[in-house]
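Participant: Would you mind keeping the following structure in view while I ask a few things?
Only the coordinates and a few stated rules stand behind these numbers; no lab work does. None of the values given here were measured: they were computed from a predicted structure. Counting neighbours? That spans all protein chains shown, and the Cβs are built from the backbone with ideal geometry, glycine included.
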Amino acid sequence: MSNLSKQDEHAPYSGSQRQSRASITILGVPVHNLTYDDALARIRAMIKTKDPHQIVTVNPEFLVIARHNAAFRNVLLNADLALADGVGLQLAALLQGRRFVSRVPGSELVYRLAPIAAAEGWRLFFLGARPGIATRAAAQLQARLPDLQIEVNSADPTPEGTAAALAHVRAARPDILLVAYGAPTQDLWIARHGMTLGVPVMIGVGGTLDFVAGVIPRPPKVWHTLGLEWLYRLWQEPWRWRRQLRLPLFVLLVIFERLRALVRN
């Protein structure tokens with residue numbers, strides 16, 4: 001949406017710039033190769049500019065959806081920051097002889113951002129999620145971080161809900177907007193309304209607020225270390241099994257793409 005000067009080493013950059021910066025392209029989508037500290041530094045720079053920026057947390061499911069959803073693919077390609085979320089991206093990079101320096105899971109990003117926001121005086125806004133979840137998530141964080149400022153709105157992405165949400169966000173003037181509508185709805189929503197909202201940092205966070213609210217137990221550290229948060233979530237919510245069918249498809253697509261590249265070379 002908005003880019004900083006290339007002279008700023010912590011400046012965010014959009015999809016059009018990604019090819020010439022540190023990134024790894026998976027299934028045609030360049031993903032930034034950053035540590036958590038790098039990502040947080042870029043978020044800090046985005047907030048400083050006060051211009052609107054969109055961040056996407058790219059996982060295998062995103063990339064499979066983007067194969068047949070042109071609008072979503074365009075969002076991924078043009079986001080100001082595309083973070084590597086999911087062990088599948090690490091494996092895909094290894095097939096290219098490359099590696100991501102770190103995974104930056106979206107499920108952890110809220111926990112990393114909250115204490116910094118409290119210290120810096122950044123205002124957060126939680127939009128969406130199931131009824132009551134965003135409010136509970138905000139209460140959990142504020143219990144630990146009393147100085148943290150959070151506004152909440154559980155409006156859905158219908159035209160009526162969107163109108164109410166837009167009015168509330170504009171009035172609150174947050175520094176960071178976290179949208180929990182699930183992908184690709186949340187990311188398309190941000191791309192459609194982000195410029196008019198003018199929020200410096202906007203991120204689709206999927207079901208992350210369920211973890212923050214304590215509705216779904218947070219994965220034990222060993223699951224996180226192994227990159228198996230998705231499996232832990234499936235264990236907690238077996239009804240999600242249909243969504244996980246995209247994972248073997250992702251593997252097949254990545255292998256096919258690699259074989260095609262080897263043949264061309």
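Participant: What full-extension length gain, to one decimal in nm, is calculated for LEU91 and VAL251 as 0.36 nm per residue of separation minus the Cα-Cα distance?
Facilitator: On the way: separation 160, 0.36 × 160 = 57.60 nm, distance 0.90 nm.
Length gained, LEU91 through VAL251: 56.7 nm.
Participant: Next question. I need to check one value: relative contact order of segment 15-264, counting alpha carbon pairs closer than 8 Å and at least 6 residues apart, in percent.
Facilitator: 23 percent.
Participant: Summing Lys, Arg as +1 and Asp, Glu as -1, what charge do residues with Cβ under 11 Å from the Cβ of LEU209 carry, LEU209 excluded? Mind showing how you got there, number by number?
Facilitator: Details: positive: ARG130, ARG136; negative: ASP210.
Here the count lands on +1.
Participant: Continuing with the same structure: Which loop trypsin sites (Lys or Arg not before Pro) in segment 26-127, with loop taken from DSSP, have no more than 15 other Cβ atoms within 10 angstrom of their Cβ?
Facilitator: Listed in order of number, the matching sites are LYS50, ARG98, ARG99.
Participant: Let me check I've understood the local charge: for ALA164, count other residues with C-beta under 15 angstrom from its C-beta, Lys and Arg +1, Asp and Glu -1. What total comes out?
Facilitator: So the surrounding residues net to -2.
Participant: How much length, in nm to one decimal, is gained on full extension between ARG192 and TYR36, taken as 0.36 nm per residue of separation minus their Cα-Cα distance?
Facilitator: Separation in residues times 0.36 nm, less the Cα-Cα distance, equals 53.5 nm.
Participant: Dimensions of segment 82-149 along principal axes (Cα, Å, largest first)?
Facilitator: 45, 29, 17
Participant: For GLY86, what residues show an amide H to amide H distance below 5 Å, using hydrogens built from the backbone and excluding near sequence neighbours?
Facilitator: Long-range HN contacts for GLY86: VAL104.
Participant: Another question, if that's okay. Mind putting a number on the dipole of segment 15-264 about its Cα centre? Charges go on the C-beta only, +1 for Lys and Arg and -1 for Asp and Glu, and I need it in Debye to the nearest 20.
Facilitator: 640 debye
Participant: Could you please report the charge total around GLN90, scoring K, R as +1 and D, E as -1 over all other residues with beta-carbon less than 11 angstrom from its beta-carbon?
Facilitator: Once all neighbours under 11 Å are counted, the net charge is +2.
Participant: Any idea how far the Cα center of segment 61-77 sits from the one of segment 91-134, in Å?
Facilitator: 20 Å
Participant: Under 13 Å from the 7 Å Cα→Cβ point of LEU262, by amide nitrogen: which residues of segment 64-101?
Facilitator: Answer for segment 64-101: 95-97.
Participant: Looking at segment 15-264 only, what percent of DSSP beta bridges run antiparallel? Nearest 5 please.
Facilitator: Of all bridge pairs located within segment 15-264, approximately 15 percent are antiparallel.
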